[in-house]
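These notes are about the structure you will find just below.
The values are calculated or read from the model by the stated rules, or taken from the named source; none is laboratory data. Everything quoted here is computed from the prediction, not taken from an experiment. Neighbour counts are summed over all protein chains in view; Cβ atoms, including those assigned to glycine, are modelled from backbone coordinates with ideal geometry. The area values use the complete protein model at the heavy-atom level, side chains included, leaving out ligands, DNA and RNA. Shrake-Rupley method; radii C 1.70, N 1.55, O 1.52, S 1.80 Å.
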Amino acid sequence: MLSIEFFYGLAGVLLLANGVLTALDRAHPRRWPTALFWSLYGLLFLVGGWLPAKLSGALVLAMGLLGGLNLVKSRLQGELDQARRDQGAERLGAKLFWPALAIPGITLVGALGFPWLAGQGLVWVAPKSATLISLGLACLIAFALACRLTRESPLQGLKENARLMDAIGWALLLPQMLATLGILFAHAGIGNAVAALVGQVLPEGVRFWAIVAYAVGMALFTMIMGNAFAAFPVITAGVGIPFLVNQYHGDAAVMAAIGMFSGYCGTLLTPMAANFNMVPAALLELDDRNAVIKAQVPTALLLLTANIALLWWLL
Amino acid sequence: MDAVSYWPLLGVAVIIIGFGLRANPLLVVTLAGVVTGLAAALPFGDILKALGEGFTHTRTLSLILVLPLAVIGLLERSGLREQAGRWIAGFKQISAGRLMALYLLLRELSAALGLTSLGGHPQMVRPLLAPMAEGAAGRVLGPLSDAERQRLRAMAAATDNVGLFFGEDIFVAFGAVLLMHSFLKENGIDVEPLHIAFWGIPTALCALLIHGCRVLYLDRQLARARAALQEAPRA
């Protein structure tokens, strides 16, 4: 049975390879700290499951400081040869799309196919991570297709992988650090403190303000946590259930659905939602790392207003 | 009777101040974690343990970003982005805004069917959607300026996010719906997951409408900004 651990190992090898390539690059502006960052990252992926949690925590802290103190830089490499790329586009044409589209295509087939096979008694992959394993397999197959199509060696693929990882840089670690912070926040009881604060400032007996407090509170707390899943239980327990459901007898399904979506409006507005807002800015090589958030501000604010109106009508 | 401790809010304060000062987000988040742990009177060893366990449990977040990169990188070296731009520029009816509106619709529909992995920034936005939007805009406007490129790319990333977020909660088996269901149940309120998914539809439609209008309006905004720029030297 294929498990997700195999792909953690694969990602670990890719990360470690970037560390080695960095260490070999004499022209690198921050050679050693950058090589250390990527090597630790790869190491934690490879053996993180077996290391004592305290030790891996210390390594994570070291990575956070290396990246946080701007010691992790990307290689000084010239942009890829434009003539070469135009030539490739000329020669290969629409065929170039096939490996790229194979990734979502094969993922889809696997995500639907493996659970079906399991239902027939053929448990080939760990059922809980069928989609992720399918994505991993899809990437492996697409990689073979891409190598064949472009007549490049797998080693060149490793270098291209390192080039794109470099473009993302330390921001690659951010989603995981934020998720970890969320766990720490929950552990420290931040939710209770926030709910208690909101409960204290809420004017009593006005349905409209309770609705606004719920929707806006969800968006704001999501902005702080970077994740609507973390904000939902806190704000729903602190404001939603006591006020909207118990006091004003609102429909709990309406409250929950629109409340979670109000949280998603917050997700669009915060650098804390790193994998949606900060990583794409790095990946698309935008000069302003908040450019994606800025593009989302009008949508998020209009949608939050729409959510308040919907709660007012439907609750 | 007030057993709520407000000390851990120091961690939240670190985040707000850090982002206010525009400090490196990774540094802010790392410090906020340590401060929160200390404010909650956790021993330092326990904070390290939480960091280590947190990292190990959230490895999938990096996994989905890392795995497609080698494929995309190889294809880019052979001109994938150039081809995406050229290909779309051959369709006279497709503007950058219409392309993004179409992508928004497809992304939201596929997410609503539970197919959340059909899009994404590494495998769709960077290699395909953003270059196609640039190609379509370039067909109308001529060679794009750097600022115009950046604006199109940011909007392409935003469109992927909006489509994903506001589609996925309509799918009953999606984690968010089940999370809401089980949380309400723990608090003594029993609601069918189907009802929660159903009441997500009005917001999903609003998201389609609001962001759809914004991306369609982008064509006109770009053309107008270009016209203003060309007027300026003459005036």
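On the given criteria, is residue A:214 more than 18 Å from the chain's Cα centre (by Cα), farther than 30 Å from residue B:24 by Cβ and surrounded by fewer than 24 Cβ atoms within 10 Å (Cβ to Cβ)? Criteria not met by residue A:214.
Once the range B:40-70 is narrowed to residues that are surrounded by fewer than 24 Cβ atoms within 10 Å (Cβ to Cβ) and touching a Gly at 6+ places or on another chain (Cβ under 6 Å), the residue that is farthest from the other protein chains (Cβ to nearest Cβ) is B:47.
Residues are listed down the side, and each one gets a yes or a no for (1) open to solvent by 40 Å² or more (accessible area, probe 1.4 Å); (2) among the acidic types (Asp, Glu); (3) in contact with a Lys or Arg (Cβ under 7 Å, 6 or more places away or on another chain):
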position: A:73; (1), (2), (3): yes, no, yes
position: A:91; (1), (2), (3): yes, no, no
position: A:105; (1), (2), (3): no, no, no
position: A:115; (1), (2), (3): yes, no, no
position: A:146; (1), (2), (3): no, no, no
position: A:156; (1), (2), (3): no, no, no
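One residue stands out in the range B:137-154 among those that are in contact (Cβ under 8 Å) with a residue 40 or more places away in the chain, surrounded by fewer than 24 Cβ atoms within 10 Å (Cβ to Cβ) and within 22 Å of the chain's Cα centre (by Cα): the one that is farthest from the other protein chains (Cβ to nearest Cβ), namely B:148. Selection of the range A:281-300 for residues being more than 7 Å from chain B (Cβ to nearest Cβ) and either in contact with a Ser or Thr (Cβ under 6 Å, 6 or more places away or on another chain) or part of a loop (DSSP other than H, G, I, E, B) (or both) yields A:285, A:288, A:289, A:290.
When you scan the range B:197-215, do you find a residue that is outside any helix (DSSP H, G or I) and loosely packed, with under 14 Cβ neighbours inside 10 Å, even just one?
There is no residue in the range B:197-215 that is outside any helix (DSSP H, G or I) and loosely packed, with under 14 Cβ neighbours inside 10 Å.
Of all residues in the range B:80-97, those satisfying the criterion of being facing chain A (nearest Cβ under 7 Å) and either at pLDDT below 90 or open to solvent by 30 Å² or more (accessible area, probe 1.4 Å) (or both) are B:82, B:86, B:87. For the range B:103-124, the tally of residues that are open to solvent by 20 Å² or more (accessible area, probe 1.4 Å) and farther than 24 Å from residue B:172 by Cα stands at 1. Just one of the numbered conditions (1) closer than 20 Å to residue B:20 by Cα; (2) open to solvent by 60 Å² or more (accessible area, probe 1.4 Å) is not true of residue A:200: (1).
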